[in-house]
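Enquirer: Here you go, one structure.
Since every read-out is calculated from the coordinates, none of them should be taken as a lab result. None of the values given here were measured: they were computed from a predicted structure. Using ideal geometry, Cβ is built from the backbone for each residue, glycine included, and neighbour counts are taken over all protein chains shown.
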């Protein structure tokens, strides 16, 4: 009988989205995260309940046959950001496609959308890969800390499975080398001119995060140092050191962001411009976007072009139509659709994103876009216009069920749902199917190579 603390070895038989591996010990399934199908692993039981057993992966005893190449960076597998980098890219895509299709098929069968053979009845168009497998991210949030308790200062990403240990990831391959050159420069500076990093449990310290954003198409870079107000340090020498770096792109701004909140997230109580400006430009599908430190923008610009092209194709002809773009962010989708629609109304709860959307619509000379600040759940009751078509691009947790009921109440003949979390998507599909909608077709787009995540685009039509 397994009990908490026991250590076993076993083979990961299958993976369910996003990274739930199943190892069978004494004929009982044990869920182990952060593995690859076929790996023989050593694990420790850390949760034991009546109908569920979970284990923590301690080490990989034997590689999977799917692992056909060496790791791209020296931090693998200690950094948990790129679980699949020992798999060739085609196999990564195949694994993600299989996982998401299983979720969708089960949801459609449960929702009664089946053919005469009892199979899910929709068009599954597979998965589109990212145009670039590496150096694709245009944004990274690095944390200050230490790799071991009371160890030297580190700057990078959390160690896999750890809340506190920080790995210095100056060899990260999913970003342009500009990111890691800036990271190393900043870390060296604060090693030479020491400052305390922020201790999350005690809420004391100065250094919190380094946020870097870089336009993939423009090469423009925005550097953001995030600290508390608990100490005062002159940052002039740091700025000059960073500006002297020989980079592929060009730094357009260096900001000092003050954050005294207790949550471990990047936010601003005050922003000081130390150099240049507080924004950069990015281009996508012929449109230009002005992006600030906290603007939402897809982290893979070239992959987003693939994603939005599919969205545009799924929507089809929208001449003389009014389109609602709900959870519109900085209005990227709305502005891509604007040239083929009568009017676009975007709703977004983050005021800064709405201001950016309005500014970008003006930048792109689009006069048929309206962006409204507010919670979709409340705001859609106040909109007088009725949509002919609805685009949904919610955050990872999906759509609030009461908001979804109101959205369905518009009775739009067609919708397109863009999801970055398939488990949230299938939960929302359950209500959509039950209220008279049908899934027409689905296409996946991999915006996150080497990781377990992927985007889904779903076309829905109303049948009742």
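Enquirer: When the helix-only estimate is applied to the chain (DSSP H runs of n ≥ 4, each -39,500 (n - 2.57), divided by the residue count), what is the mean residue ellipticity at 222 nm, nearest 500 deg cm²/dmol?
Expert: Details: 9 runs with 106 residues, N = 464.
Mean residue ellipticity at 222 nm (helix-derived): -7000 deg cm²/dmol.
Enquirer: Separate question: Starting with the fewest neighbours, write out 358, 272 ranked by other beta-carbon atoms found within 10 Å of each beta-carbon. Present the calculation step by step, with values, prior to reporting the outcome.
Expert: Values: 358 17, 272 13.
Lowest count first: 272, 358.
Enquirer: Further question on the same structure: What percent do you get for the relative contact order of region 223-300 when only Cα pairs under 8 Å and 6+ apart count?
Expert: That works out to 27 percent.
Enquirer: Relative contact order of region 412-464, please, whole-number percent, based on alpha carbon pairs below 8 angstrom and at least 6 residues apart. Could you put the intermediate results ahead of the total?
Expert: On the way: 85 pairs, mean separation 26.5, N = 53.
Relative contact order, region 412-464: 50 percent.
Enquirer: Is region 154-208 best put as rounded, prolate or oblate by its Cα gyration tensor, with a ≥ b ≥ c the root eigenvalues, rounded for a/c under 1.5, and otherwise prolate when a/b is larger than b/c, oblate when not? Intermediate results must be reported in sequence, preceding the final value.
Expert: Working: a/c = 2.90, a/b = 1.27, b/c = 2.28.
It comes out oblate by the Cα gyration axes.
Enquirer: Follow-up question, since we're still on this one. With the contact rule set at Cα under 8 Å and sequence spacing of 6 or more, what percent relative contact order holds for region 7-62?
Expert: 32
Enquirer: Something else: How much length is gained if the chain between residue 203 and residue 246 is pulled fully straight, taking 0.36 nm per residue apart and subtracting their Cα-Cα distance, in nm to one decimal?
Expert: Numbers: separation 43, 0.36 × 43 = 15.48 nm, distance 3.60 nm.
Extra length from residue 203 to residue 246 when fully extended: 11.9 nm.
Enquirer: Taking a ≥ b ≥ c as the square roots of the Cα gyration tensor eigenvalues, with a/c under 1.5 meaning rounded and otherwise prolate when a/b beats b/c, else oblate, which class fits region 308-464? Display every interim value, and only then the final one.
Expert: Details: a/c = 1.37, a/b = 1.18, b/c = 1.16.
Cα axes put region 308-464 in the rounded bin.
Enquirer: Also: Quickly rank 114-120, 54-60, 293-299 as a protection proxy: mean count of other C-beta atoms within 10 Å, highest first. Could you put the intermediate results ahead of the total?
Expert: Details: 114-120: 10.4, 54-60: 17.1, 293-299: 20.9.
The packing order, highest mean first, is 293-299, 54-60, 114-120.
Enquirer: Classify the chain: rounded, prolate or oblate, from the alpha-carbon gyration tensor (a ≥ b ≥ c, eigenvalue square roots; a/c under 1.5 rounded; otherwise prolate if a/b is larger than b/c)?
Expert: Values: a/c = 1.84, a/b = 1.09, b/c = 1.69.
Oblate.
Enquirer: Mind jotting down the distance between the C-alpha centroids of region 182-213 and region 373-452, whole Å?
Expert: Here the two parts' Cα centres lie 39 Å apart.
Enquirer: OK, next. Out of the DSSP beta bridges found with both residues in the chain, what percent are antiparallel (nearest 5)? It would help to have the intermediate numbers written out before the result.
Expert: On the way: 72 of 107 bridges.
Approximately 65 percent, going by the DSSP bridge assignments.
Enquirer: Next up: How far apart, in nm, are the 7 Å Cα→Cβ label points at residue 2 and residue 430?
Expert: According to this spin-label approximation, the distance is 2.5 nm.
Enquirer: Of 332, 423, how do they rank once you tally other Cβ atoms within 10 Å and put the fewest first?
Expert: Numbers: 332 28, 423 15.
Starting with the residue having the fewest Cβ neighbours, the order is 423, 332.
Enquirer: Okay, moving on. Once both labels are modelled 7 Å past Cα along the beta-carbon direction, what's the residue 265-residue 355 spacing in nm?
Expert: It is 1.8 nm.
Enquirer: Sticking with the crude label model, points 7 Å out along Cα→Cβ, report the distance from residue 68 to residue 48 in nm, one decimal please.
Expert: Simple spin-label model gives 4.1 nm for this pair.
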